[in-house]
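The values are calculated or read from the model by the stated rules, or taken from the named source; none is laboratory data. Quantities reported herein were computed from a predicted structural model and do not represent experimental measurements. Please note: Cβ atoms are built from the backbone with ideal geometry, for glycine as well, and neighbour counts cover all protein chains shown. All accessible areas refer to the heavy atoms of the entire protein, side chains included, with ligands and DNA or RNA removed. Shrake-Rupley method; radii C 1.70, N 1.55, O 1.52, S 1.80 Å.
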Amino acid sequence: MLKNAREPIDSAKNTVQTNYYGTKHVIEALLPLLQASSEGRIVNVSSNYGLLRHIGNEEVRQELNDVDNLTQGRLDELLEKFIKDFEAGSLEMHGWPTKFSAYKVSKAAMNAYSRILARRHPELRVNCAHPGFVKTDMSMGFGVLTPEEGACNLAKVALLPGGGPTGAYFAQGEEAPFV
């Protein structure tokens, strides 16, 4: 299907900017409104590609999984290191994914950021959700779910009852591990 899944550096930077920093900036802008609500919810659209098993570097995997100690600043540093390694052509040497690398790393970072937010804002429900393999332009129409079915999986997480999980990852509407 895809012979070369390594993207150019500009595409990698745009992917990280969109999937991680774009999400982060929107959340920061909306956070005061969410905090004013008694039912504040954040559901970040994730992907199975954002699971930690796609990061070969054990140290980075452990840092991204250490929700009690990981900070936004450290997360930004890890993304800067990823981009630096990408530019240097040393992704494999440093344990980063080599195919769809920016997508995988940006989604893993967004998952970690979601967990940081959940820890900092226990009054909110902050979760990540993988909608499933959806038939879209991004999947080149190869998905198995319709866009409506994928959206239902996300809505299911948004509509979890008060006091439900926070800082969790959901795959197709069911809670699952981040690894």
Residue, surrounded by the most Cβ atoms within 10 Å (Cβ to Cβ), within segment 144-179, restricted to residues that are part of a loop (DSSP other than H, G, I, E, B), of a type in the set (A, V, I, L, M) and touching a residue at least 24 places away in the same chain (Cβ under 8 Å): ALA168
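Condition check ((1) part of a helix (DSSP H, G or I); (2) open to solvent by less than 40 Å² (accessible area, probe 1.4 Å); (3) small (Gly, Ala, Ser)) across all residues:
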residue	(1), (2), (3)
SER11	yes, no, yes
LEU64	yes, yes, no
LEU78	yes, yes, no
ALA109	yes, yes, yes
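Let me confirm something: among PHE142, PHE178, which residue is in contact with a Cys (Cβ under 9 Å, 6 or more places away or on another chain), of a type outside the set (Lys, Arg) and at negative phi? If you could, list the steps in order and put the result at the bottom.
Working: PHE142 fails: in contact with a Cys (Cβ under 9 Å, 6 or more places away or on another chain).
It is PHE178.
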Matching residues, segment 92-107, being open to solvent by 80 Å² or more (accessible area, probe 1.4 Å) and over 17 Å from the mean Cα position of the chain (by Cα): GLU92, MET93
Residue check, GLU123 part of a loop (DSSP other than H, G, I, E, B), on the phi < 0 side of the Ramachandran plot and open to solvent by 60 Å² or more (accessible area, probe 1.4 Å): yes
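Matching residues to (1) in a helix (DSSP H, G or I); (2) modelled with pLDDT under 95; (3) loosely packed, with under 12 Cβ neighbours inside 10 Å; (4) among the basic types (Lys, Arg):
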{"site": "MET1", "(1), (2), (3), (4)": "no, yes, yes, no"}
{"site": "THR15", "(1), (2), (3), (4)": "yes, no, no, no"}
{"site": "SER38", "(1), (2), (3), (4)": "no, yes, yes, no"}
{"site": "VAL67", "(1), (2), (3), (4)": "no, yes, no, no"}
{"site": "PHE86", "(1), (2), (3), (4)": "yes, no, no, no"}
One residue from GLY132, GLY141 being open to solvent by less than 50 Å² (accessible area, probe 1.4 Å) and without any contact (Cβ under 8 Å) to a residue 40 or more places away in the chain: GLY141
Unmet requirement for LEU75, which otherwise passes all of (1) aliphatic (A, V, I, L, M); (2) closer than 29 Å to SER37 by Cα; (3) touching a residue at least 60 places away in the same chain (Cβ under 8 Å): (3)
Segment 40-62: number of residues that are open to solvent by less than 30 Å² (accessible area, probe 1.4 Å), within 19 Å of GLU123 (Cβ to Cβ) and either among the hydrophobic types (A, V, I, L, M, F, W, C) or at pLDDT below 95 (or both): 2
